[in-house]
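Below is one structure, written out as C-alpha cells; comments come after it.
Please treat every number below as a calculation from the coordinates, not as lab data. Computed from a prediction, not measured in an experiment: that's the story for all the values here. Heads up, the Cβs are rebuilt from the backbone with ideal geometry, glycines too, and the neighbour counts pull from every protein chain shown.
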Amino acid sequence: MAEQLIRNQQVSGSNPLDGSFTSDTTIFMQYYTYVIYSKSLDVIYIGQTSNLDKRLNDHNKGYSKYTSRAADWVLVHFEEFASRGEAMKRERQLKSYRGREFVRTLIQERE
C-alpha cells in the first residue's frame with residue numbers, strides 16, 4: 001500500500017543536553033473510507049475521514065446532521081488509503097448500487 005509522505009520537514013525545540021534540537025521527520029497520512037450501520041434505523045452511512053475513531057464518536061454524539069437520529073452507529077467496514085482522493089473515490093464506489101449491495105452483504109454476514 002502506498003503511503004503519502006511529507007519529507008524533510010524541520011522540527012525545532014529545546015534539548016536539555018545541548019540547548020537545541022533539529023530533526024528530519026517523515027509524516028505518514030492515512031485516510032479511511034468507512035461504513036457504519038444503525039440497527040435501530042436500519043440505515044447505512046458511508047464516508048471518509050483521516051481520523052476514524054473521532055469520526056465514529058462524532059456520529060454517535062449527534063454531531064453529523066444525517067446520523068444524529070441515532071446513537072447506535074457501529075463500524076462494519078473500513079479501508080485505508082494513502083490519499084484523500086483515493087478514499088473519496090472508494091466512497092463513491094461504495095455509494096453506488098453495487099457498492100451498497102456489497103455493504104448489505106457485509107452487514108448480513110455479521111448478524
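Numbers at a glance
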| item | result |
| --- | --- |
| All positions within the stretch 85-94 that are crowded, with 16+ Cβ neighbours inside 10 Å and of a type outside the set (Gly, Ala, Ser) | 86, 90, 91, 94 |
| Count of residues meeting criterion [more than 13 Å from residue 81 (Cβ to Cβ), in contact with a strand residue (DSSP E or B) (Cβ under 7 Å, 6 or more places away or on another chain) and not in a loop (DSSP other than H, G, I, E, B)] in the stretch 48-67 | 4 |
| Top-ranked residue of the stretch 42-75 - restricted to ones that are within 20 Å of residue 94 (Cβ to Cβ) and small (Gly, Ala, Ser), ranked as surrounded by the fewest Cβ atoms within 10 Å (Cβ to Cβ) | 50 |
| Residue in the stretch 29-44 that is more than 9 Å from the chain's Cα centre (by Cα), over 17 Å from residue 103 (Cα atoms) and assigned to a strand (DSSP E or B) present | yes |
